[in-house]
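Report on the structure given below.
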Amino acid sequence: MNLRELTTLLDCQVVWGHDLLERRDVKACFAADLMSDVLAFSEPGALLITGLVSLQSVHAADVADLTGILYVGGKTPAEQVLELARQRAIPLLTTRHSMFDVCAILREAGLKPGCKD
């Protein structure tokens, strides 16, 4: 599925990157709040699911070559986080769902875990 389909499935708000949604496919997801885990274990191209709305989430997604970031629990990032995401062309989404529910919904939809072997 692409990010546009994912936003519908999870009732997401697009914080930044509307024009990228159709072009970004999501085949896997990686859920974590520890950005060291994201850097060590996430698979390139996965969607990052996190509750951490700091600059570190965008830096980690950029370094790990992730397809976008989905913030859970209705959290929204500050303007400086948005600006970094714009510079790095990383779409940002937010949903009111919990991390647990997001992972369950995406697994049911056929996405696989985005973990390195």
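Counting only residues that are assigned to a loop (DSSP other than H, G, I, E, B) and touching a Pro at 6+ places or on another chain (Cβ under 9 Å), which one in segment 12-45 is nearest to residue 80 (Cα to Cα)?
At the first step, the residues of segment 12-45 found to be assigned to a loop (DSSP other than H, G, I, E, B) are 12, 17, 24, 26-27, 32-34, 43-45.
With touching a Pro at 6+ places or on another chain (Cβ under 9 Å) added as a condition, the list becomes 17, 24, 43.
On the way: 17: 15, 24: 23, 43: 26 Å.
Applying the filter and picking the extreme gives 17.
Residue under question is residue 65, and the condition is that it be at pLDDT 95 or above, in a loop (DSSP other than H, G, I, E, B) and within 22 Å of residue 108 (Cα to Cα); does it hold?
In short, no.
Residue 116 versus (1) in contact with a Gly (Cβ under 8 Å, 6 or more places away or on another chain); (2) farther than 17 Å from residue 4 by Cβ; (3) of a type outside the set (Ser, Thr, Tyr): which is the lone unmet condition?
Exception for residue 116: condition (1).
Return yes when residue 48 is touching a residue at least 12 places away in the same chain (Cβ under 8 Å), surrounded by 15 or more Cβ atoms within 10 Å (Cβ to Cβ), in contact with a helix residue (DSSP H, G or I) (Cβ under 8 Å, 6 or more places away or on another chain) and not in a strand (DSSP E or B) and no when it is not. It would help to see each step written out before you state the result.
Values: touching a residue at least 12 places away in the same chain (Cβ under 8 Å): yes; surrounded by 15 or more Cβ atoms within 10 Å (Cβ to Cβ): yes; in contact with a helix residue (DSSP H, G or I) (Cβ under 8 Å, 6 or more places away or on another chain): yes; not in a strand (DSSP E or B): no.
So residue 48 does not fit the description; no.
Report the residue count in segment 93-117 for those that are charged (D, E, K, R), under 20 Å from residue 38 (Cα atoms) and part of a loop (DSSP other than H, G, I, E, B).
Narrowing segment 93-117 to residues charged (D, E, K, R): 96, 101, 107-108, 112, 116-117.
From what is left, the residues that are under 20 Å from residue 38 (Cα atoms) are 101, 107, 112, 116-117.
If we keep only those that are part of a loop (DSSP other than H, G, I, E, B) as well, we get 116-117.
Number of matching residues: 2.
Here are some residues: 94, 67. Which one is in contact (Cβ under 8 Å) with a residue 40 or more places away in the chain, buried (at least 22 other Cβ atoms within 10 Å of the Cβ) and within 18 Å of residue 1 (Cα to Cα)?
Details: 94 fails: buried (at least 22 other Cβ atoms within 10 Å of the Cβ).
Result of the check over 94, 67: 67.
The values are calculated or read from the model by the stated rules, or taken from the named source; none is laboratory data. All values reported here derive from a predicted model rather than from experimental measurement. Glycine also receives a Cβ, built like all others from the backbone with ideal geometry; neighbour counts cover every protein chain displayed.
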